[in-house]
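Engineer: Just passing along the structure, written as structure tokens.
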Amino acid sequence: MVKMSRVGYYLGEYKHNLTAQNRLALPKRFRFEIESAEIVLAKGDGNWIEGFAVEKWKQIVQQFLTVPFTEAEGRNLRRRVFASAMLVELDAQGRIVIPDPLLIWVGLKGKVGEEVVVLGVGDHFEIWSSAQFEAQVVRKS
């Protein structure tokens, strides 16, 4: 039996399927790293979704708030970051419902049963469509 312990980072690559209700089961190891029943999902810089524990998101927000909103660059950065971020809850089975705007962003809207890659990247995790992950990450490695 594998003993679970908090390492403070999201590690590993996992494959799960998207349900008809846009639900995705997070890997058990990831759930163990999350201290609350809520996580923040946001658009990544490419065709993926980024997931953060609320505690980590609060730290990241502090960095963005130091960028002056009186300058166009600061306003645009804040819009991109905050407008795409959504708070979602983990259910008792460790699943999240991915909001439609984020499913559209990664090309998973309406793709029931589609394989999804959940990737640990240290202080947060990423959610990819398996096809996009294969094309953008695996083939370029």
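The values are calculated or read from the model by the stated rules, or taken from the named source; none is laboratory data. This one's a predicted model, so the numbers in the text were calculated from it and none came from an experiment. Here the Cβ is made from the backbone with ideal geometry for all residues, glycine too, and neighbour counts use every protein chain on show.
Engineer: Out of the residues in region 44-62 that are among the charged types (D, E, K, R) and touching a residue at least 12 places away in the same chain (Cβ under 8 Å), which is surrounded by the fewest Cβ atoms within 10 Å (Cβ to Cβ)?
Structural biologist: Per the criteria, the residue is GLU55.
Engineer: Would you check which residues across region 53-86 are touching a strand residue (DSSP E or B) at 6+ places or on another chain (Cβ under 8 Å) and of a type in the set (S, T, N, Q) and list them?
Structural biologist: Of everything in region 53-86, just one residue is touching a strand residue (DSSP E or B) at 6+ places or on another chain (Cβ under 8 Å) and of a type in the set (S, T, N, Q), namely SER84.
Engineer: Return a yes/no flag: does region 25-36 have any residue that is in contact with a strand residue (DSSP E or B) (Cβ under 6 Å, 6 or more places away or on another chain), under 29 Å from GLU134 (Cα atoms) and of a type in the set (A, V, I, L, M).
Structural biologist: For region 25-36, residues in contact with a strand residue (DSSP E or B) (Cβ under 6 Å, 6 or more places away or on another chain), under 29 Å from GLU134 (Cα atoms) and of a type in the set (A, V, I, L, M): present.
Engineer: Among the candidates LEU87, LEU108, single out the residue that is of a type in the set (A, V, I, L, M, F, W, C), within 24 Å of LYS28 (Cβ to Cβ) and surrounded by fewer than 16 Cβ atoms within 10 Å (Cβ to Cβ).
Structural biologist: LEU87 is the lone residue from the list that is of a type in the set (A, V, I, L, M, F, W, C), within 24 Å of LYS28 (Cβ to Cβ) and surrounded by fewer than 16 Cβ atoms within 10 Å (Cβ to Cβ).
Engineer: Starting from residues that are aliphatic (A, V, I, L, M) and surrounded by fewer than 18 Cβ atoms within 10 Å (Cβ to Cβ), keep the ones in region 15-43 and report whichever is nearest to SER84 (Cα to Cα).
Structural biologist: Going through the qualifying residues, I end up with ALA37.
Engineer: Could you look through region 23-34, keep only residues that are at pLDDT 90 or above and not hydrophobic (A, V, I, L, M, F, W, C), and pick out the one that is nearest to TRP105 (Cα to Cα)?
Structural biologist: The extreme case among them is ARG23.
Engineer: Can I ask one more? For a quick check of your reading of the model, give me the residue pairs whose first member lies in region 14-43 and is in contact (Cβ under 8 Å) with a residue 40 or more places away in the chain, whose second is polar (S, T, N, Q) and outside any strand (DSSP E or B), with beta-carbon atoms closer than 8 Å and at least 6 apart or on different chains.
Structural biologist: Close Cβ pairs satisfying both conditions: LYS15/SER130; ALA25/GLN93; ALA42/SER84; LYS43/SER84.
Engineer: Can you tell which of ALA42, ALA37, ALA72, ALA20 is in contact with an Asp or Glu (Cβ under 6 Å, 6 or more places away or on another chain) and modelled with pLDDT under 90?
Structural biologist: ALA37
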